[in-house]
Structure formats: C-alpha cells, structure tokens
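Novice: Have a look at this one before I ask anything.
Laboratory data are not the source of any read-out in this text; all were calculated from the coordinates shown. Treat the numbers as computed from the prediction; the structure is a model and nothing was measured. Note: ideal-geometry Cβ built from the backbone for every residue, glycine included; neighbour counts use all protein chains shown.
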C-alpha cells in the first residue's frame, strides 16, 4: 500500500523554505525550529508553519524574541514553543 498523502511533500517543501530564508540568523531560528519540532506535527501544525513562513523574517524573529506582539493567527502553543528558542544549535 502506498501513501498518497500530500503531507510528505509539504513537509519537504516546508523544510526547504525554513532553511532558505535569506539570512543566516533566520535560517537558524526557523530551520532549527522546524527540524526539532516537526516530527510530531499533523495537518494543523504544518498549516500553521506554512502560514508563518509566508511572513517576513524580521517579523517572525521579533515575535519569537518577544519584541513585537504576535498576531492573533499565530498565537498559541506553537508560537510559545518557537519563543523558547531552546532549539537553536550553532
């Protein structure tokens, strides 16, 4: 039996986008977050992340560091997890 789910392709695309942001700082923050957290994600979490990576890097980083208020659509457990910043390894 083959899995025809689109999730594997979406995860692969999200991983690529997470690690190719344009700045090394954003790559590490967003890429490391994806790498360490995505294994337990389902459709809802992946959709949240896909929407997040459509935003500007400076905004994502500001929300993660707590220097700008997080928009309503990104508030919740995943943003709280991103804000921990305990996943970045350099």
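Novice: Restricting to the stretch 40-70, name every residue that is exposed (fewer than 12 other Cβ atoms within 10 Å of the Cβ) and over 16 Å from residue 19 (Cα atoms).
Specialist: 40, 42, 43, 44, 66, 67, 69
Novice: Quick one: residue 36 ticks every box in (1) out of contact with any helix residue (DSSP H, G or I) (no Cβ under 9 Å at 6 or more places or on another chain); (2) within 20 Å of residue 79 (Cβ to Cβ); (3) free of Cβ contacts under 8 Å to residues at least 24 places away in the same chain except a single one, so which number is it?
Specialist: (3)
Novice: Of all residues in the stretch 14-33, how many are crowded, with 16+ Cβ neighbours inside 10 Å and on the phi > 0 side of the Ramachandran plot?
Specialist: Total satisfying the criteria: 0.
Novice: For residue 36, state whether it is under 18 Å from residue 85 (Cα atoms), within 13 Å of the chain's Cα centre (by Cα) and surrounded by fewer than 16 Cβ atoms within 10 Å (Cβ to Cβ).
Specialist: On the way: under 18 Å from residue 85 (Cα atoms): yes; within 13 Å of the chain's Cα centre (by Cα): yes; surrounded by fewer than 16 Cβ atoms within 10 Å (Cβ to Cβ): yes.
Taking the combined requirement at face value, the residue satisfies it.
Novice: Which of the residues belonging to the stretch 64-79 are under 12 Å from the mean Cα position of the chain (by Cα) and without any contact (Cβ under 8 Å) to a residue 24 or more places away in the chain?
Specialist: Residue satisfying the conditions is 79 alone.
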